[in-house]
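Working notes, beginning with the structure itself.
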Amino acid sequence: MSKSIAYIINDSEISAGTRGASLGPGAMRVADDNSGNFLFSKYPIHYVQTMNHLLDRPSPYKYGKRADGLATVYKNVADLVSRERNKNDFIVVVAGDHGSAGGTIAGLKVANPQNRLGVLWIDAHGDLHTPYTTPSGNMHGMPLATALNEDNLESKQNDPHADTVKFWNEMKNTGGIAPKIDAKDLGFIGLRDLETPEVELMERKGIKNISVDELREVGVQKIIERLEEKYADCDEIYVSFDVDSMDPDIVSHGTGTPVPHGLTPKEASELLRYYAGHPKVKCIEFVEVNPCLDEKTNHMAEVAYYLMKEVVEVAEKKA
């Protein structure tokens with residue numbers, strides 16, 4: 001039986017510190033066209049309405065830059081994801097920056113509120129900041145805190161403006177469900193650039209990171225076995241793949257915040273292929289390709305595209 005798969009393209013980049021991630025999904029489509037595979041023509045594509053025009057002026061919100069626009073993008077993403085999740089066996093989200101992934105999580109939860117949702121976050125960064133803890137104000141460092149309905153006041157460093165807090169609370173409550181996930185159902189692979197408030201939150205909540213060294217030491221298969229145990233009681237799993245989880249020296253620096261000593265494309269492929277075939281995984285998201293920063297022309301987009309192609313091919317064969 002042919003599987004019903006949908007693509008969601010989200011060109012939003014209002015939550016990153018560096019411009020260019022909105023061009024990432026298009027750069028992956030260029031890689032598809034150049035390959036002659038025309039993978040994007042196989043299934044319907046749905047586009048998220050963005051608020052990228054806000055980038056043309058400074059944001060008044062120091063500790064939640066463009067929080068007003070991101071609250072809207074969250075709603076737009078959540079509405080589209082929940083609709084397509086209920087119509088399809090599998091969704092592939094291709095997004096600009098990682099900030100709006102909290103909207104993806106909200107959409108999955110709204111589609112099936114009774115489902116216990118597990119999240120596997122493959123990334124160099126924890127994305128657990130809040131307006132109360134952020135050193136930069138860039139909201140691509142905050143999506144998981146919205147999903148956890150977490151302010152992390154224990155590690156508070158900032159006093160955000162009342163309007164920032166209003167929009168922040170809107171994001172946490174997107175879809176009328178908060179929290180969307182439980183800390184014990186959140187897993188990380190590849191984190192290697194964390195700030196103190198994120199580390200403190202992880203320690204308090206018992207959230208573990210599987211480092212690149214640990215993954216190499218025991219092998220991808222052992223890590224997968226461990227995660228199977230972690231997600232055993234979850235009804236559904238969402239995988240968010242940030243390309244900066246990969247080693248920039250091996251792939252390219254075509255992403256907003258590259259960090260040395262990341263995964264190889266082969267390791268990323270092994271993980272993504274496994275989860276694409278997993279019966280509980282209904283959505284995999286690819287984020288943070290930035291062709292403006294790519295010293296190897298469009299190489300990051302090409303690597304991300306081939307990983308996505310493998311995901312789609314595996315998802316097509318799911319029983």
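The values are calculated or read from the model by the stated rules, or taken from the named source; none is laboratory data. Computed from a prediction, not measured in an experiment: that's the story for all the values here. Using ideal geometry, Cβ is built from the backbone for each residue, glycine included, and neighbour counts are taken over all protein chains shown. Protein only, heavy atoms only, side chains kept; ligands, DNA and RNA dropped before computing areas. Shrake-Rupley method; radii C 1.70, N 1.55, O 1.52, S 1.80 Å.
Could you tell me which of rounded, prolate or oblate describes the range 127-190, using a ≥ b ≥ c as the square roots of the eigenvalues of the alpha-carbon gyration tensor, with rounded for a/c under 1.5 and, failing that, prolate when a/b is larger than b/c and oblate otherwise? Cα axes put the range 127-190 in the oblate bin.
When the Kirkwood hydrodynamic radius is evaluated over all pairs of different C-alpha atoms of the range 191-319, what value in angstrom, to one decimal, is obtained?
Evaluated over the range 191-319, this radius sits at 15.8 Å.
Placing +1 on the Cβ of every Lys and Arg and -1 on the Cβ of every Asp and Glu, with nothing else charged, gives the range 1-160 a dipole about its Cα centre of roughly 320 debye.
In the range 1-118, Cα pairs under 8 Å separated by at least six residues give a relative contact order of 39 percent.
For the chain, the antiparallel share of DSSP beta bridges with both residues in that region comes to about 0%.
What fraction of the DSSP beta bridges in the range 6-153 is antiparallel, stated in percent and rounded to the nearest 5?
Close to 0 percent.
What's the Cα-based Rg to Rh of the chain, Rh via Kirkwood?
We get a ratio of 0.93 for the chain.
Let me know the shape class of the range 17-96, please: from the alpha-carbon gyration tensor, a ≥ b ≥ c as square roots of the eigenvalues, rounded when a/c is under 1.5, otherwise prolate if a/b is greater than b/c, or oblate. It comes out oblate by the Cα gyration axes. Over 28 Å between Cα atoms, which of LYS184/LYS282; LYS166/LYS309; LYS156/LYS184; LYS180/LYS296; LYS222/LYS317; LYS109/LYS166 qualify? Correct reply: LYS166/LYS309; LYS180/LYS296. Taking 13 Å as the cut-off, the amide N atoms of the range 33-50 that come nearer than this to a point 7 Å along the Cα-to-beta-carbon line of ARG83 belong to 45-49.
The residues of the range 212-319 present an accessible area of 40 Å² per residue when probed at 1.4 Å with all protein chains retained. Per residue, the solvent-accessible area of the range 152-195 (1.4 Å probe, heavy atoms of protein chains only, all protein chains present) comes to 46 Å². For the chain, carbon and sulfur atoms together expose 50% of the accessible surface, with a 1.4 angstrom probe and every protein chain in place.
Think of the range 154-224 as a dipole: +1 on every Lys or Arg Cβ, -1 on every Asp or Glu Cβ, centred on the Cα centre; then among GLY187, PRO197, ALA162, GLY187 lies furthest on the positive end. Loop only by DSSP, 15 or fewer other Cβ within 10 Å of the Cβ. Give me the GluC sites (Glu not before Pro) in the range 218-312 that pass, ordered by residue number. Sites meeting the loop and neighbour criteria: GLU295.
Annotation: extensible slack from SER35 through SER211 equals 60.1 nm (criterion: 0.36 nm per residue apart, minus Cα-Cα distance). The magnitude of the dipole of the chain, with charges of +1 and -1 set on the Cβ of Lys/Arg and Asp/Glu and taken from the Cα centre, is near 900 debye.
Kindly identify the range 256-319 as rounded, prolate or oblate by the Cα gyration tensor criterion: order the square roots of the eigenvalues as a ≥ b ≥ c, call it rounded if a/c is under 1.5, otherwise compare a/b with b/c, prolate if a/b is larger, else oblate.
prolate
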